[in-house]
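Worksheet: one structure, shown below.
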Amino acid sequence: MLPFRGTIRDRRRVLKAADEGNRVIRYVCDKCGLRMAANDPRRFIVKFEVYAAAGPVDLDPLASSDAAGQWDQIMDDLAEADPDEVEDQTYRCLRFDVCDACRQGLLKRPLG
């Protein structure tokens, strides 16, 4: 099985082809490159969700002598951080178009 390559935009490549003067959208399997139509029965959508596993949060204000100061520092850090980087560290959802053969391979070995 080949690893996924490129950016999300690369993975969601859409090829446009002319069909008797009408524009037809064709999809490409993000794993093997097989061209498929939107209504192709071999076309499947795979989604991966990755998010931070949150542990217990200690909300006891007596546990910290400077809880308000800590929250202010967290908010300041977030205000200065790159939003995409913060999102990547906490939540990411990826979507891929795959053919039936690649779907079966992903179901057998989802982590490659």
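The values are calculated or read from the model by the stated rules, or taken from the named source; none is laboratory data. The structure presented is a predicted model; accordingly, all values stated were derived computationally and were not measured. A quick note on method: Cβ atoms are made from the backbone with ideal geometry, for glycine too, and the neighbour counts reach across all protein chains shown.
Being in a helix (DSSP H, G or I), surrounded by fewer than 11 Cβ atoms within 10 Å (Cβ to Cβ) and at pLDDT 90 or above is a condition met by no residue of the stretch 31-49.
Taking every residue in the stretch 27-54 that is farther than 23 Å from ARG92 by Cα and in contact (Cβ under 8 Å) with a residue 24 or more places away in the chain and pairing it with any residue that is outside any strand (DSSP E or B) and of a type in the set (Asp, Glu), at least 6 positions away or on another chain, the pairs with Cβ-Cβ distances below 6 Å are ARG42/ASP100. Assess whether ALA63 counts as being surrounded by fewer than 12 Cβ atoms within 10 Å (Cβ to Cβ) and modelled with pLDDT under 70. Yes, satisfied.
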